[in-house]
1. Roughly how big is the chain's charge dipole about its Cα centre, with Cβ charges of +1 (Lys, Arg) and -1 (Asp, Glu), in debye to the nearest 20?
2. Looking at the calculated P(r) for the chain, what percent of the C-alpha pair distances fall above 20 Å?
3. Can you list residues whose amide H is under 5 Å from Leu82's amide H, if they're 5+ apart or on another chain and H is modeled 1.01 Å from N?
4. In whole Hz, what ³J(HN,Hα) sequence does the stretch 12-21 give by Karplus (6.51, -1.76, 1.60; θ = phi - 60°), x for Gly and Pro?
5. Note down the net charge around Leu20, summing +1 for each Lys or Arg and -1 for each Asp or Glu among other residues with Cβ under 14 Å from its Cβ.
6. In deg cm²/dmol and to the nearest 500, what is the mean residue ellipticity at 222 nm of the chain if only DSSP H runs of at least 4 residues count, each as -39500 (n - 2.57), divided by the residue total?
Amino acid sequence: MADARLKTELTEAKAEIQRLKDRISAGTPTVHIELSLITLVSKWTGSDAAVTLEEFLSSNETSARIGRWKEADKLEIALLKLAGPAKTFYVYKGVPNFTRTV
């Protein structure tokens with residue numbers, strides 16, 4: 001009876017190992033990225049009434065570290081959190097004609 005139970009457990013363990021190998025070889029990410037932390041990053045307008053740039057960058061950096069964001073995620077989220085004059089500056093910087101929409 002104990003042998004049968006051990007054989008069953010061994011078969012299940014082998015199946016789990018194979019599933020994990022398949023997951024790794026398929027390139028499925030195994031690290032969970034917590035994007036709900038985006039809400040902790042304040043919008044930043046660049047105005048005097050806004051949070052300071054240091055606070056904005058710090059909240060983005062801290063949320064990224066805790067949420068295990070990639071550098072590209074962190075940059076995209078920072079850009080999404082720009083508003084008002086800061087977003088306008090980013091969108092139009094270096095563009096000779098102002099044909100883009102904000």
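Where a number appears in this text, it was derived from the coordinates with a stated rule and is not lab data. Predicted model, so just to flag it, every value in this text is computed and none were measured. Here the Cβ is made from the backbone with ideal geometry for all residues, glycine too, and neighbour counts use every protein chain on show.
1. 300
2. 60
3. So Leu82 has HN proximity to Trp44.
4. 5, 5, 4, 5, 5, 4, 5, 4, 5, 4
5. +1
6. Numbers: 4 runs with 58 residues, N = 102.
Only helices count here, giving -18500 deg cm²/dmol.
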